[in-house]
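Here's the structure, in structure tokens; my notes come after.
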Amino acid sequence: MNKVTVLTADLGGYPAGMRAHPLVVERAAKALRAEHGGVIADSFVTRAGGKIACVVTHSDGAEVGALFGGVLSACRETAEETGLIGPGDTETVTLPLEEEAGAEVLVFLTAGAGAGAWDHVLAGLYADPFTSPGLVGDSLMRIGFEFVCEGGAAFRSPEETYTLLAHLEDGGRVREVRRKDRETAATAGAGTDPALLLRAGPGLPDVVTALGVAAAPRSGLMPVSLCDLAPTRPKTACLGFSVRDLMLIGPADLYDDPAYERVRAHSRPPLWS
């Protein structure tokens, strides 16, 4: 089985953690490129506000954790050389790719967002037919999904949708969404500024729907281009990849689009309260 994994790490940014230093991003990119064809097949490195974000593809069983440890050690050296010292918080999120030929993968990154930022987005995408039209029009999606939460609790839609929503209102957190054939549709991070990985295609939400639900007012996230992803308020950027034979094609900066200008205008916080 092939996988896509995203690592985010807070190694210090400027000023006051707002933007990761380009030398740190470059150090991570070079370290990962050296492993292409070995532990990992391909990689892409960028910043998510004050954090670095590394997207890698690899086969099941690859020692990705050890590789990330080495990369982070090198990046900490560079960060300290530039006078930046962050808390060192890290998180990895992994999405299995069941199909050998290829897949369409969306990587949502956040800045200024709290834990559980994706709970209601995932509920809307995979359990609410008024939000996600594919739940009505796509016979594969109509079968429903399983939501796996922290602590091992699991809820199936549509039959347990109300129970799922009650669980979320009580503070439950969704970590993974699966189709009822057990294929993983989406995985979300558990900490602050969590990443979200999801697949698009037959039997799954389409790209436009996923972008719209993540940018809707209920999500609490302002959709921005990657260059505007600073933690001045809760924000999200979305990188779109096609994955073919474990090679990353892209990314496309999907919120760098005039279609979301009105959404951004209406999601700005008031200047005073």
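Can you find, among 194, 86, 1, the residue farthest towards the positive end of the dipole of the chain? Put +1 on the C-beta of Lys and Arg, -1 on that of Asp and Glu. Working it through, the farthest residue towards the positive pole turns out to be 86.
What is the Cα centroid distance between region 59-101 and region 28-55, reported in whole angstrom? Rounded to whole Å, the Cα centres lie 8 Å apart. Provide, for q = 0.24 Å⁻¹, the log10 of I(q)/I(0) from a solvent-free Debye sum over equal Cα point scatterers in region 13-125. Relative scattering, expressed as log10 I(q)/I(0), comes to -1.43. Residue by residue, region 154-161 carries 3J(HN,Hα) couplings of 9, 9, 9, 9, x, 5, 10, 4 Hz when phi is fed to the Karplus relation 6.51 cos²θ - 1.76 cosθ + 1.60 (θ = phi - 60°); x denotes Gly or Pro.
Entry note, the chain: the mean residue ellipticity at 222 nm calculated from DSSP H runs of n ≥ 4, each adding -39500 (n - 2.57), is -7500 deg cm²/dmol after division by the residues and rounding to the nearest 500.
Remark: 193, 245, 119, 206 ranked as 245, 206, 119, 193, counting other beta-carbon atoms within 10 Å and listing the fewest first. Fewest neighbouring Cβ atoms within 10 Å first, the residues 249, 52, 40 line up as 249, 40, 52.
In plain terms, the residue of 51, 3 with the fewest other Cβ atoms within 10 Å comes first and the most crowded comes last, giving 3, 51.
Computed from Cα positions, the angle between helix 64-81 and the longest principal axis of the chain comes to roughly 50 degrees. Between helix 22-33 and the chain there is an angle of about 80 degrees, using the helix long axis and the longest principal axis of the Cα atoms.
Computed over region 2-266, the quotient of the alpha carbon radius of gyration and 2.2 N^0.38 Å is 0.97.
Over 24 Å between Cα atoms: which of 3/180; 3/235; 3/51; 51/180 fall into that group? Correct reply: 3/235; 51/180.
Taken together, the values in this text are just the output of simple stated rules run on the coordinates, not laboratory data. Nothing here was measured: the structure is a model prediction, and the numbers come from that model. We place every Cβ from the backbone using ideal geometry, glycine too, and count neighbours over all the protein chains shown.
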